[in-house]
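The values are calculated or read from the model by the stated rules, or taken from the named source; none is laboratory data. Values in this document were obtained by computation on a predicted structure and should not be read as measured data. With ideal geometry, Cβ positions are generated from the backbone for all residues, glycine too; neighbour counts draw on all protein chains shown.
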Amino acid sequence: MPLTEADQRRVDEAEAEAEAAGSTKLLVRSPPDTQKLGSITVMCLILNRTIGSGIYVTPAVVLRATNSVGLSLLLWTFGAVFGLCGLLVWLELGLSIPKFQPPDESTASLEGEARFENVPRSGGEKNYLEYIYKDPRFQTTCIYGVIFIVLGNLAGNAIAMGQYIMQAAGAADSPDAVRGIAVAALTGACLIHGLWRNGGIVLNNVLALIKVLTLLAVIVIGFAVAGGANLGNGPVGKAAIQANFDTHQSFVRPSGDFGSYARSIIYVVYSYSGFKQPFYVLSEVSRPKKRFAKATIATMIMIAILFILANVAYLCAVPKDRILSTDLDMATVFFEEVFGNEVAPRVMSGIIALSIFGNIVVMTFTASKVKQEIAKEGILPFSLFFARSTTTPYAWFKQRFWPSRSRILEQSPATALLLHWFFAVILVAATSSTSTAIAYLVLVLLYCYTLVIIVGFFVAGGVLYLRFAKREEWTDNLGFKPWGGPTAAIIYGCTCAFMIVGVFVTPRDTSPYSYATTGVRHYIVPAVGLGTLLVGYAYYLVFAKLIPRWRKETLVVEREPIIVRQGGEQNGEWVQILEVVEFWWAARQSGKEA
């Protein structure tokens, strides 16, 4: 739908100013209404990112670590609560900041003071951390930016995908082939989104549907076996149920290994961490204030139900002792027990590989937008290059041969996708000296420890600061008010704090996380994770302190968002339609820090 006359005039003025001869301003457009993400796509972003290797691989590892069916199911239930709490925290922030003053005078209050509107912006927790931890300038952006640019990818999942493709093909294990497949998957996902934005979104939605149907099939098979069905290997359900769900056996002799419990919680939490994906592209969502919260909450509840039922379904067919006696993942053992042949596990390996590729597709789409937002802050070398959006080849080709009346063609953050691809491939190469199994565990734990747990701790802590230090100033103008007030932030923050510390406790030698099993000292990955904070801070000191002193200039960053009423409706939601970005170095005032 067209914009109002006033909104269109402001858009035209911004475009003319940015496109004028000699201008150094960069114009970055948000997708028009016809290209906005609907509620179904928002749901699929979460589903496609959440349903992956975690629900097929992690249940067996958690059961071996806890040595208890009851406790492992409790951990998966707690993971669902943790994921929902995290979603509520992100909704409170995502639908409340940034705040912009609407351009029309009709929003002025009776006292004559203009009010501010919550206008969602892409970038996820980058925006929230910058809003909460404002001072000193550039510090939060540099620390978060370094962590996300380097680790904000699924290199570990790509390696796992290579492993499962080799298993599905029945080929001998080859580290070089696995890493080659990993690089091909990462490259393919970047090319899909760079060449055809809408095609990448459609692929994401199709993969999400396939993954939900696959998980439902696993659940149905598990409960059918529990009911006495014989699917090729006899009625295995009766023995499995007696071994796993006997009330006198489910909680008998659980592991007393604190270090194993801490790491098990981390891997369970990782499986539920996909709720953040649509927040990374929030400015591209249609009518976010009206639809976004309902869609995301409904999706997380659906995922919680599916994951818990899937764990129960596995245990309806696989006795606990069978899982403890092998190092295979849960899905493989499940299909071996149910069908009693080698074909079914290989088929399942192919399905898991497809699920993992879905993870990579959605993460590539969303993470590249965050990296584009980081580049808009001017902290990267060649920031304007990585901050730009370009017309996709598909849109150019379509317009060339089948012209449309649309003045805004489909665009993608092609240069940010290049940045994303580069560091993902670097991580795959950096783990080439280890086995592919260890590389997967290390990269997944490193990603989860830094971008889920450490970042989550600071985000939840920031919400508590806003609620208890700012009080009415914050709570009176929320775009979303979570149930229970600060309860979700307290649960999420305390759990993150527990995992930050708990992962340093040494697991027992019999643990699946021990050095004897993995070949990696338990403290290395969390130490590297905490070290990334120091690297980010060092980058901040160089960028914001040393370089300005050397140049005797201060970097000025100007980001001017143009917000309009979506759909041209007089009472429509305020959304960001485009942004004008400009950087320049200005002479420092004598005696003042940059």
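Considering segment 479-590, there are no qualifying helices (runs of 4 or more DSSP H) wholly inside with 3 or more residues that are loosely packed, with under 13 Cβ neighbours inside 10 Å and either of a type in the set (Lys, Arg) or in contact with a helix residue (DSSP H, G or I) (Cβ under 7 Å, 6 or more places away or on another chain) (or both). Of the set (1) touching a residue at least 40 places away in the same chain (Cβ under 8 Å); (2) surrounded by 18 or more Cβ atoms within 10 Å (Cβ to Cβ), all apply to THR140 but (1).
Confirm whether ILE308 is buried (at least 19 other Cβ atoms within 10 Å of the Cβ) and of a type in the set (A, V, I, L, M, F, W, C). In short, no. From the list SER286, SER260, SER273, SER264, the one residue that fits, being in contact with a strand residue (DSSP E or B) (Cβ under 7 Å, 6 or more places away or on another chain) and either among the small types (Gly, Ala, Ser) or surrounded by fewer than 20 Cβ atoms within 10 Å (Cβ to Cβ) (or both), is SER286. Reported count of residues in segment 292-342, each being within 23 Å of ALA437 (Cβ to Cβ), hydroxyl-bearing (Ser, Thr, Tyr) and in contact with a Phe, Trp or Tyr (Cβ under 7 Å, 6 or more places away or on another chain), is 1. Scan segment 6-26 and report the pairs whose first residue is over 20 Å from SER383 (Cβ atoms) and whose second residue is in a helix (DSSP H, G or I), with Cβ atoms within less than 9 Å and a gap of 6+ or a chain change. As it stands, the answer is ASP7/GLY568; GLN8/GLY568, since those pairs meet every condition given.
Against the condition aliphatic (A, V, I, L, M), within 19 Å of ARG64 (Cβ to Cβ), modelled with pLDDT of 95 or more and buried (at least 18 other Cβ atoms within 10 Å of the Cβ), how does ALA295 come out, does it pass? When the stated conditions are applied, ALA295 does not pass them. Within segment 217-248, can you find the residues that are β-branched (Val, Ile, Thr), surrounded by fewer than 16 Cβ atoms within 10 Å (Cβ to Cβ) and either touching a residue at least 24 places away in the same chain (Cβ under 8 Å) or part of a helix (DSSP H, G or I) (or both)? Result: VAL220, single match. Taken over segment 488-508, the criterion of being under 22 Å from THR296 (Cα atoms) and touching a residue at least 40 places away in the same chain (Cβ under 8 Å) is satisfied by ALA488, ALA489, ILE491, TYR492, THR495, CYS496. The selection criterion, being more than 30 Å from VAL455 (Cβ to Cβ) and either among the aromatic types (Phe, Trp, Tyr) or modelled with pLDDT of 95 or more (or both), does not hold for PHE258.
Among the residues making up segment 152-168, those that are surrounded by 23 or more Cβ atoms within 10 Å (Cβ to Cβ) and either in a helix (DSSP H, G or I) or over 19 Å from the mean Cα position of the chain (by Cα) (or both) are ALA155, GLY156, ASN157, ALA158, ILE159, ALA160, MET161, GLY162, GLN163, TYR164, ILE165. All conditions but one from (1) over 29 Å from GLU130 (Cβ atoms); (2) surrounded by fewer than 20 Cβ atoms within 10 Å (Cβ to Cβ) apply to ILE408; the one that does not is (1). The helices (runs of 4 or more DSSP H) found wholly in segment 358-449 and carrying at least 2 residues that are over 19 Å from the mean Cα position of the chain (by Cα), within 25 Å of ARG521 (Cβ to Cβ) and not charged (D, E, K, R) occupy 414-430, 436-447. Among all positions in segment 307-320, there is at least one residue which is under 25 Å from GLN242 (Cα atoms), outside any helix (DSSP H, G or I) and either β-branched (Val, Ile, Thr) or without any contact (Cβ under 8 Å) to a residue 24 or more places away in the chain (or both).
For LEU478, are the conditions met, namely being free of Cβ contacts under 8 Å to residues at least 24 places away in the same chain, of a type in the set (A, V, I, L, M, F, W, C) and farther than 28 Å from ALA60 by Cβ? No, not satisfied. Just to be sure before I move on: is TYR280 at pLDDT below 95, of a type in the set (Phe, Trp, Tyr) and either crowded, with 24+ Cβ neighbours inside 10 Å or touching a Cys at 6+ places or on another chain (Cβ under 7 Å) (or both) in the structure I sent? The answer is no for TYR280.
Going by what's in this entry, would LYS320 be described as closer than 18 Å to LEU88 by Cα, basic (Lys, Arg) and either surrounded by 23 or more Cβ atoms within 10 Å (Cβ to Cβ) or modelled with pLDDT under 95 (or both)? So LYS320 fails the test. Of all residues in segment 336-385, those that are farther than 20 Å from VAL183 by Cα, touching a Gly at 6+ places or on another chain (Cβ under 8 Å) and of a type in the set (Phe, Trp, Tyr) total 1. Output yes when any residue across segment 29-45 is touching a residue at least 24 places away in the same chain (Cβ under 8 Å) and closer than 22 Å to GLY156 by Cβ, and no when none is. Yes, that holds for at least one residue. Do we have ALA208 as in contact (Cβ under 8 Å) with a residue 60 or more places away in the chain, within 16 Å of ILE426 (Cα to Cα) and buried (at least 22 other Cβ atoms within 10 Å of the Cβ) here? Answer is no for this residue.
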